[in-house]
Each structure stands twice: as C-alpha cells, then as structure tokens.
Amino acid sequence: VDSSRTWFDSALNAGFNDPRLTLLVGDATAWVRRQSMLPAEERVLYDLVIIDTTDWSLGGEWSLDFYVMLSFLMTPRSLVVANLDTPLLSSSAVMPAVAGLRTVFEHVDLYMLYQPEFVTGGYTFMIASATVAAREARVGWEAWDRKALTTQYYSRDVHTAAFALPAFLRRAVDNAAA
C-alpha cells in the first residue's frame, strides 16, 4: 500500500481517500471466517473483493469453504476477482477451480493478461458473481472518458481482449460449465 501511494499516479491514489473504500490488509481467510459467522444483520456487505495472493486462489486456505463464507459478505451484484494461475502450465488446476467456484457463484469467467515477468507471458484471473456475467457486462466507458486518466497499459482494447481466451482455454471453461 505504501509503495502504491509512492509510485502510482495521483489520480489512482485518490481512491485511498474515497469514503466508500475499506482497505483490509491481513489474514483474509481468518477475517472472512469471523465476519461470515456474524448474524446477517451485523455483516458488512462488499461490492468488490480483490484477492491478490502468491498462491493460486483455490487451494490451501483459498478453499471452496472460503468462497462460500465470502459469498455471505457480498451483495447479489458484487464481484470477486482473484488470480488463478498460468493456463499454459496449469490449465489442469485452473479448470477444477472454475468448476468448483461455479457451485458457489452463478457466473464465473476467466480473463487473461499479458505479464512479461511470468515465464509463459500470460496469466489467468477469475471474476465471479451471483448475478453479474462480467464478460457480457456493459462497461461505463463514458464515465471512464470523463476521468481523462492517462494509463500506460490499460485501455478499452486491453479490457476487451482480456476476455478473449485462447481456444483451448475457452473450450475448457465451457466444459467446466457442463
């Protein structure tokens, strides 16, 4: 967090001052476990959950039980985003994750990004929701344009291309849905 405050553009850092932001740094699995056990009327619900971990996000601590507990802390339109793995080396691990997550969330899809620091170049992330099909969701580009952000890597084209999976991966995702 401190590095992002130091090195990211001030427009991106403005989000840290947004009163809607709740930034939690710590043991996510323990926190989710405690929060999900609260009575429903005491739980705080989140619109977006981002899991950035060095461990792919469905194994060990990141079990299906974790995602079930997490779903108790989300609104119907909430999204959860998490890194999975490199599909070229680990598609056999990615597909069980998709199939398992679909037992918790109605919509689970993958997107890929080019990350040159990974040996295969590409990395797969998942985005899941009870009601939002992210790949088909309308993006508010007008609001994006009004912000007039200058980005180095993100663009409309990169956003659209992220959901265009290689044929072998699209088939595997579709088969995981069956």
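The values are calculated or read from the model by the stated rules, or taken from the named source; none is laboratory data. Not measured: the values here are computed from a predicted model. Cβ coordinates were reconstructed from backbone atoms using ideal geometry, including for glycine residues, and neighbour counts include every protein chain displayed. For accessibility, only protein heavy atoms count, side chains too; no ligands or nucleic acids. Shrake-Rupley method; radii C 1.70, N 1.55, O 1.52, S 1.80 Å.
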Any chance Gly122 is surrounded by fewer than 22 Cβ atoms within 10 Å (Cβ to Cβ) and under 13 Å from Phe163 (Cα atoms): yes
Condition met for Gly26 (at positive phi and either open to solvent by 60 Å² or more (accessible area, probe 1.4 Å) or part of a helix (DSSP H, G or I) (or both)): yes
Hits in the stretch 91-147 (condition: β-branched (Val, Ile, Thr) and over 20 Å from Val49 (Cβ atoms)): Val119, Thr120
The stretch 160-170, subset within 21 Å of Val81 (Cα to Cα) and not aliphatic (A, V, I, L, M), residue most open to solvent (accessible area, probe 1.4 Å): Thr160
Test: Ala14 is among the small types (Gly, Ala, Ser) and open to solvent by 50 Å² or more (accessible area, probe 1.4 Å): yes
Test result for Arg156, modelled with pLDDT under 90 and at negative phi: no
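Condition check ((1) loosely packed, with under 13 Cβ neighbours inside 10 Å; (2) in a helix (DSSP H, G or I)) across all residues:
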{"position": "Val108", "(1), (2)": "no, no"}
{"position": "Pro116", "(1), (2)": "yes, no"}
{"position": "Ala128", "(1), (2)": "no, no"}
{"position": "Thr131", "(1), (2)": "yes, no"}
{"position": "Arg135", "(1), (2)": "no, yes"}
{"position": "Val158", "(1), (2)": "yes, yes"}
{"position": "Ala172", "(1), (2)": "no, yes"}
The stretch 96-106, subset open to solvent by less than 70 Å² (accessible area, probe 1.4 Å) and assigned to a helix (DSSP H, G or I), residue modelled with the lowest pLDDT: Ala97
Failed condition for Ala143, given (1) modelled with pLDDT of 85 or more; (2) under 19 Å from the mean Cα position of the chain (by Cα); (3) part of a helix (DSSP H, G or I): (2)
